[in-house]
């Protein structure tokens with residue numbers, strides 16, 4: 001099997017899925033951009049699903065393996081949190097199209113394009129973050145908060161990035177993620193210049 | 001025009017688009033769930049686009065008008081920020097299907113289903129948030145940060161909510177948004193136990 005051809009097909013399909021959505025892309029479109037006939041494309045892949053499936057699965061599984069490999073339970077939780085956030089962005093930057101294509105497929109998927117197995121990998125990824133937050137709370141490094149809610153907060157900031165990130169912009173994804181991490185840890189509120197008193201500005205809730 | 005019928009069609013289409021994606025829904029599906037013939041449906045709407053367009057446009061425009069109506073420039077920026085975040089969640093909770101259907105259409109839309117005009121409304125919404133953050137920095141209420149990055153941070157947390165929010169869960173969307181706001185303002189990091197690092201809010205002057 002000419003693996004160069006396979007990789008080319010994955011790359012082209014991935015970018016097209018990400019840009020136009022799974023349903024907006026035909027086998028003809030993929031073949032045309034690869035410079036091959038539809039017959040040749042069908043020789044490798046019986047349908048679009050068979051192209052998307054490994055891409056989507058791969059992205060979800062790989063992101064977990066990537067952050068897990070960079071995690072180190074002997075580090076302070078704040079450092080582990082930073083690694084989690086920054087390495088997620090690093091992965092996203094390196095495999096941007098696969099990520100977007102996979103994410104689009106994941107959420108718009110009417111049936112179950114390997115969705116169950118992907119959810120298992122996604123759960124491991126999210127659980128690792130919650131474990132880090134829990135460790136930080138127990139060690140007194142992080143405030144005592146609802147770990148699920150705090151996890152959603154952190155995930156939202158990095159998961160939303162593919163929607164607006166501009167690779168040609170001044171900051172690379174991991175740099176933005178690093179700034180996010182600073183803001184998430186220390187908050188947006190200004191610290192009091194001198195006094196240690198805190199005025200409560202919370203709306204009645 | 002029997003407006004009850006129109007509203008029913010919008011509601012059914014909206015939920016179907018949100019659950020299965022725009023391309024996963026046919027005019028036949030919409031007609032079937034409404035309990036009307038395809039001919040009757042086509043009497044009101046020539047195609048799916050004509051159903052989605054006002055829904056998607058409406059959601060984006062309405063969210064801006066909703067948060068803008070609740071904004072009050074005479075309040076401290078931290079209170080304005082809280083209103084922005086909580087009212088976004090309130091809107092989302094009330095118009096959940098329209099939001100998801102519109103968002104799905106927005107991002108997977110290959111052509112320009114009224115995309116340009118929607119972007120203009122979306123820009124107003126995001127600019128209001130940046131204005132609030134900028135006002136907070138100038139008043140010394142918020143740390144001096146990159147307003148664009150901080151804005152992305154805040155938007156990510158609330159824009160990601162439709163992906164995981166469970167209406168049957170213990171917390172309503174505005175409550176979760178309120179907790180997000182606390183975390184965003186004061187950070188996840190624990191305060192030093194002895195040192196006077198508690199945060200304060202400087203009055204604007």
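The values are calculated or read from the model by the stated rules, or taken from the named source; none is laboratory data. Because the structure is predicted, anything quoted here is derived from the model rather than measured. Every residue, glycine as well, gets a Cβ built from its backbone with ideal geometry; the counts of neighbours run over all protein chains shown.
Brief remarks on what is shown
- Of residues in the range B:174-197 being more than 17 Å from residue B:160 (Cβ to Cβ) and more than 8 Å from chain A (Cβ to nearest Cβ), the one modelled with the highest pLDDT: B:192
- Extreme residue, farthest from the other protein chains (Cβ to nearest Cβ), among residues of the range B:116-130 that are without any contact (Cβ under 8 Å) to a residue 40 or more places away in the chain and touching a helix residue (DSSP H, G or I) at 6+ places or on another chain (Cβ under 7 Å): B:130
- So residue A:136, is it in contact with a strand residue (DSSP E or B) (Cβ under 7 Å, 6 or more places away or on another chain) and surrounded by 21 or more Cβ atoms within 10 Å (Cβ to Cβ): yes
- Residue match in the range A:80-92 (condition: over 30 Å from residue A:131 (Cα atoms), within 19 Å of the chain's Cα centre (by Cα) and away from chain B (no Cβ under 14 Å)): no
- The range A:166-191: number of residues that are free of Cβ contacts under 8 Å to residues at least 40 places away in the same chain and farther than 13 Å from residue B:185 by Cα: 7
- When B:155, B:171, B:133 are checked against the criterion of being within 11 Å of chain A (Cβ to nearest Cβ), in contact with a helix residue (DSSP H, G or I) (Cβ under 6 Å, 6 or more places away or on another chain), at pLDDT 90 or above and outside any strand (DSSP E or B), a single residue qualifies: B:133.
- Any chance residue A:166 is at pLDDT below 90 and in contact with a helix residue (DSSP H, G or I) (Cβ under 8 Å, 6 or more places away or on another chain): no
- The helices (runs of 4 or more DSSP H) found wholly in the range B:19-80 and carrying at least 1 residues that are under 28 Å from residue B:159 (Cβ atoms) and either in contact with a strand residue (DSSP E or B) (Cβ under 9 Å, 6 or more places away or on another chain) or touching a residue at least 60 places away in the same chain (Cβ under 8 Å) (or both) occupy B:48-70.
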